[in-house]
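See below for the structure under consideration.
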Ligand code: 6PG
C-alpha cells in the first residue's frame with residue numbers, strides 16, 4: 001500500500017494536477033488492457049478537475065474506451081442540479097463525447113434501495129464475475145464531517161457488504177446511494193481532492209489517521225480515512241495550501 005500527500009498552491013493548480021494524474025493513470029491502463037475505468041466523485045471540488053480534463057485533455061486519450069462510474073449519487077432525477085451525474089455530464093462527459101452506454105450511472109430517481117440494487121447489477125454487468133470491481137482511478141472528496149462518497153459518520157452504509165448500498169446523509173438530499181468501503185479500497189489508484197480552508201481541520205484529522213501527519217488522533221476515524229488500509233493500493237491525498245494549512 002502506498003499513501004502519499006501532495007500539496008499544490010490553490011484550487012486551479014489542484015485541478016491541473018488532478019486532471020494530469022487521471023489522464024496519466026487511465027493512459028497506462030489503456031496501454032496495459034485496452035480499456036480503463038474511472039470512478040467519479042460528486043460534490044463541488046471535482047468540477048474544476050472535470051472541466052480541466054474536458055478543456056485540456058480531450059485529445060489525449062481514446063475516451064470512448066473509458067468506462068465512467070460514480071462513487072455515490074443523490075436520490076434525485078438526473079436533471080436535478082444536485083445530481084452528481086448531471087454535474088459530471090455538464091462539466092466533462094458531454095464535452096468528451098462519452099457515449100451514454102459508457103457511463104454507469106446510479107439511477108437515484110428510483111430511491112436508495114432499488115437504485116443501489118440496480119447499480120450493483122450494472123457494475124457486475126461491466127466487471128463480470130469478480131469478487132470486487134477494480135477501478136483504475138477513483139476520485140473521492142471529503143466532507144467537513146469526514147464523509148467520503150456517501151459514507152457518512154454513524155450511517156448503516158459504513159457497515160454495508162456488497163458493492164453498493166443505500167445511504168442516509170445528514171443534509172438534503174438525505175437519500176443517497178454509495179459504493180461500499182470494500183469497493184473504494186479495491187481501486188488501483190485513488191485520489192482524494194481536498195480544497196479550501198474549510199477542509200483544513202478534517203484534512204488534518206484524516207492525514208493523522210492515515211499516518212501522513214504526526215499528532216494525536218481521536219478514536220472516531222473519519223470515513224474518508226477508513227478508505228486507506230494496509231492492502232489498499234495507491235492513495236494520494238491531493239490538497240491545496242489552504243486545506244493543507246500547517
Ligand atoms: C457528494 C460527494 C461527497 C463529496 C464531499 C465533498 O455526493 O456530495 O460524493 O462525498 O465529495 O461531500 O464535497 P465538496 O467537494 O462539495 O466539498
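Where a number appears in this text, it was derived from the coordinates with a stated rule and is not lab data. This is a predicted model, so every value here is computed, not measured. Cβ: placed from backbone, ideal geometry, glycine included. Neighbour counts: every protein chain shown.
If the condition is being touching a helix residue (DSSP H, G or I) at 6+ places or on another chain (Cβ under 7 Å) and closer than 12 Å to residue 184 by Cα, then region 220-230 contributes 223, 224, 225, 226, 227, 229. Restricting region 147-163 to residues that are more than 10 Å from the ligand (Cβ to nearest atom) and either assigned to a loop (DSSP other than H, G, I, E, B) or surrounded by 24 or more Cβ atoms within 10 Å (Cβ to Cβ) (or both) leaves a set whose member that is nearest to the chain's Cα centre (by Cα) is 163.
Just a yes or no: is a residue in region 199-209 within 15 Å of the ligand (Cβ to nearest atom), touching a helix residue (DSSP H, G or I) at 6+ places or on another chain (Cβ under 8 Å) and touching a residue at least 24 places away in the same chain (Cβ under 8 Å)? Yes: region 199-209 contains one or more residues that are within 15 Å of the ligand (Cβ to nearest atom), touching a helix residue (DSSP H, G or I) at 6+ places or on another chain (Cβ under 8 Å) and touching a residue at least 24 places away in the same chain (Cβ under 8 Å). Residues of region 22-47 that are farther than 18 Å from residue 104 by Cβ and under 14 Å from the mean Cα position of the chain (by Cα): 43, 44, 45, 47.
For region 167-181, the tally of residues that are in contact with a helix residue (DSSP H, G or I) (Cβ under 9 Å, 6 or more places away or on another chain) and either crowded, with 19+ Cβ neighbours inside 10 Å or part of a strand (DSSP E or B) (or both) stands at 9. Quick check: anything in region 98-105 in contact with a helix residue (DSSP H, G or I) (Cβ under 9 Å, 6 or more places away or on another chain), within 14 Å of the ligand (Cβ to nearest atom) and under 26 Å from residue 15 (Cβ atoms)? Yes - at least one qualifying residue is present in region 98-105.
Of all residues in region 58-70, those that are assigned to a helix (DSSP H, G or I) have Cβ atoms under 8 Å from Cβ atoms of residues that are buried (at least 22 other Cβ atoms within 10 Å of the Cβ), 6 or more apart or on another chain, in 65/36.
Of all residues in region 117-168, those satisfying the criterion of being touching a strand residue (DSSP E or B) at 6+ places or on another chain (Cβ under 6 Å) and farther than 20 Å from residue 40 by Cβ are 155, 158. Within region 16-52, being within 16 Å of the ligand (Cβ to nearest atom), within 24 Å of residue 178 (Cα to Cα) and assigned to a helix (DSSP H, G or I) holds for 18, 19, 22, 46, 47, 48, 49, 50, 51. Just to be sure I understand, how many residues within region 39-61 are touching a helix residue (DSSP H, G or I) at 6+ places or on another chain (Cβ under 6 Å) and within 26 Å of residue 150 (Cα to Cα)? The total comes to 10. Within region 71-88, the set of residues being in a helix (DSSP H, G or I), in contact (Cβ under 8 Å) with a residue 12 or more places away in the chain and more than 10 Å from the ligand (Cβ to nearest atom) comprises 85, 88.
Of all residues in region 182-233, exactly one satisfies the criterion of being surrounded by 20 or more Cβ atoms within 10 Å (Cβ to Cβ), out of contact with any strand residue (DSSP E or B) (no Cβ under 6 Å at 6 or more places or on another chain) and in a loop (DSSP other than H, G, I, E, B), namely 222.
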